[in-house]
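The values are calculated or read from the model by the stated rules, or taken from the named source; none is laboratory data. This structure is a prediction, so every number in the text was calculated from the model and none was measured. Note that each Cβ is placed from the backbone with ideal geometry, even for glycine, and that neighbours are counted across all protein chains shown. Ligands, DNA and RNA are stripped out before the accessible areas are found, and what is left, the full protein with its side chains, is counted by its heavy atoms. Shrake-Rupley method; radii C 1.70, N 1.55, O 1.52, S 1.80 Å.
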Amino acid sequence: MRINKYIASCGIASRRKAEEIILQKRVKVNGKVVEELSFNIDENNDTVEIDGVQIGLDEKEVYIVLNKPEGYITTVKDQFDRPSVLDLVGDIKERIYPIGRLDYETSGLLILTNDGDLTYKLTHPKHEVDKTYMAIVKGIPTIDEMKKFEEGLYIEDYKTAPAKIRIVKKDEEKNYAICEIKIHEGRNRQVRKMCRAIEHPVLRLRRVAMGKITLKETKVGEYRHLTKEEVEYLKGLR
Ligand code: URA
């Protein structure tokens, strides 16, 4: 894009006024003063400054929900070069980040956005939204064990807030149960640690909802954009 058009697109000045600013040698691209009005920039990669202040195109806000496969990290990259969820949303040009995280081995619902205010709000301990998981656990939890889970239990030196657990399916012969688990907090590996604390370690874990946001028909490895109503709902949570 021509530099004067870019400056205008950023809402700084008209194209003509932008040319004046360029001729006054007040514009730098990647640290170098621009001398020519015909200078072209790569708006996705170049850094543009006017009077030493970086400018940029207003990004539109993007909100998506990804059905994360197992075997992906939710951070940008790690030292083991494992695949990242960002590899699955590469066709979105805005810089989006996950709201909260899921373990490498956990699958399911992950919301990603470039709306920093919403991310801050939804991950702040005060506003944590209910998260629903389906867990395959070893053995079949008893009523007493599930009660402990619901009352809050100690993981390391921390007592968890009340959570919910219900058995959806059990197989006594194969010795496992599928449980629906709802927690309000978001501590590191919390569901896994809570299940371990009642001696029913998680064999597989999938998140199915955050508040009332669900994956709907989104297939594993794919994403969908949240609807306007869903975005309003998330912004309105307290
Ligand atoms: N709890 C866990 O233990 N793992 C997750 O990925 C999410 C919640």
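Laid out as a table, the results:
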{"item": "Residue match in region 192-207 (condition: within 25 Å of ARG238 (Cβ to Cβ), open to solvent by 80 Å² or more (accessible area, probe 1.4 Å) and within 16 Å of the ligand (Cβ to nearest atom))", "result": "no"}
{"item": "Residue check for ILE213: of a type outside the set (Ser, Thr, Tyr), within 15 Å of the ligand (Cβ to nearest atom) and either open to solvent by less than 60 Å² (accessible area, probe 1.4 Å) or modelled with pLDDT under 95 (or both)", "result": "no"}
{"item": "Pick from region 1-58, criterion out of contact with any Asp or Glu (no Cβ under 9 Å at 6 or more places or on another chain) and basic (Lys, Arg), ranking: most open to solvent (accessible area, probe 1.4 Å)", "result": "ARG16"}
{"item": "Test: residue in region 3-11 that is touching a residue at least 12 places away in the same chain (Cβ under 8 Å) and under 29 Å from the mean Cα position of the chain (by Cα)", "result": "yes"}
{"item": "Residue match in region 105-120 (condition: open to solvent by 10 Å² or more (accessible area, probe 1.4 Å) and either modelled with pLDDT of 90 or more or in a strand (DSSP E or B) (or both))", "result": "yes"}
{"item": "Residue that is nearest to LYS93 (Cα to Cα) [pool: residues in region 1-57 that are among the acidic types (Asp, Glu) and out of contact with any strand residue (DSSP E or B) (no Cβ under 6 Å at 6 or more places or on another chain)]", "result": "GLU43"}
{"item": "Pairs, first within 13 Å of TYR176 (Cα to Cα) and among the charged types (D, E, K, R) in region 194-209, second away from the ligand (no atom under 11 Å from the Cβ) and open to solvent by 20 Å² or more (accessible area, probe 1.4 Å), C-beta under 8 Å, six or more apart", "result": "GLU199/GLU145; ARG204/ILE136"}
{"item": "Set GLU150, GLU222, GLU156: member being out of contact with any strand residue (DSSP E or B) (no Cβ under 8 Å at 6 or more places or on another chain) and either under 17 Å from LEU122 (Cβ atoms) or not hydroxyl-bearing (Ser, Thr, Tyr) (or both)", "result": "GLU156"}
{"item": "Identity of the residue in region 75-100, assigned to a loop (DSSP other than H, G, I, E, B) and crowded, with 16+ Cβ neighbours inside 10 Å, that ends up nearest to the ligand (Cβ to nearest atom)", "result": "GLY100"}
{"item": "Cβ pairs under 9 Å, 6+ apart, first in region 54-83 and under 30 Å from ARG26 (Cβ atoms) and at pLDDT 90 or above, second of a type in the set (Phe, Trp, Tyr) and surrounded by 10 or more Cβ atoms within 10 Å (Cβ to Cβ)", "result": "none"}
{"item": "Candidate set: region 102-119, residues that are without any contact (Cβ under 8 Å) to a residue 40 or more places away in the chain and within 11 Å of the chain's Cα centre (by Cα); chosen: the one farthest from the ligand (Cβ to nearest atom)", "result": "GLY116"}
